[in-house]
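**Q** Have a look at this one before I ask anything.
The values are calculated or read from the model by the stated rules, or taken from the named source; none is laboratory data. Bear in mind that the values here come from a model prediction, so they are computed numbers and not experimental data. FYI the Cβ positions are ideal-geometry reconstructions off the backbone, even for glycines, and counts take in every protein chain you see.
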Amino acid sequence: MNTPFGLANLWLEGDMITRFVALALLVCSIVTWVILLSRYWELRNLRKFRPELEQFWRATSFDQGLNEFTSHPNNPYYRIAKAATSASVHHQSQSTNHRELLQTLNYAEWMSRSIKTSVEGVAAQLQKGLTFLGSTGATAPFIGLFGTVWGIYHALIAISSSGSAQIDQVAGPIGEALIMTALGLAVAIPAVLGFNGINRANKLLVADLNRFGNDLLAYFVTGARVKSGE
């Protein structure tokens, strides 16, 4: 059933700027939900790796502990532990290549920096998509408001041209313009809520990675055997 009001009429009667604003909000909404769903799935999978830490610290050797981790390319704990191993081997290597640079740092400081760099690398990857969510949450309401102001402006011009300002003629065009503000809020609210939720989950995960990094540092520096409770 055709109606002179609503989104369809707003698109058909709108000019190029109105359609551009509507398309911009639609694209922002689609990308926002893609980021939210993908990041939710990713964080859900990362949380599954947490119980593997107990098996890692109960291993009888560091290499055996590494083998306890699953999905090595996607497992942040494995990547940090593997990077720590590589850093330790690199520092203790008897190779003469750039050895004078390594000697400026003692073993503990070298391992501390290496593990910290590895954790920061994982943390940086967790930030993907957050910039877009933050930007969308901050700008989408104003994009919608711009569409509303532009629509009202053209609606008033059309009303003045017709010479009639009765309520039934004013309500339709202005109501359609106000839809743009509602669309802007519909895009911004999920983006803001998703940004806050993902950011909080990232902070908890990074804190857990830092604790794991500190445990690794203690192991490499003290040479203690990998076992539960150490």
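**Q** Is it the case that segment 50-63 has a residue that's touching a residue at least 24 places away in the same chain (Cβ under 8 Å) and aliphatic (A, V, I, L, M)?
**A** Yes - at least one qualifying residue is present in segment 50-63.
**Q** Picking from SER86, SER95, SER71, SER61, which residue would you name as being hydroxyl-bearing (Ser, Thr, Tyr), exposed (fewer than 13 other Cβ atoms within 10 Å of the Cβ), in contact with a Phe, Trp or Tyr (Cβ under 8 Å, 6 or more places away or on another chain) and modelled with pLDDT under 90?
**A** Exactly one residue qualifies, and that residue is SER71.
**Q** Same structure again: Pick out the one residue from ALA123, ALA177, ALA140 that is buried (at least 19 other Cβ atoms within 10 Å of the Cβ), modelled with pLDDT of 90 or more and of a type in the set (Gly, Ala, Ser).
**A** Exactly one residue qualifies, and that residue is ALA140.
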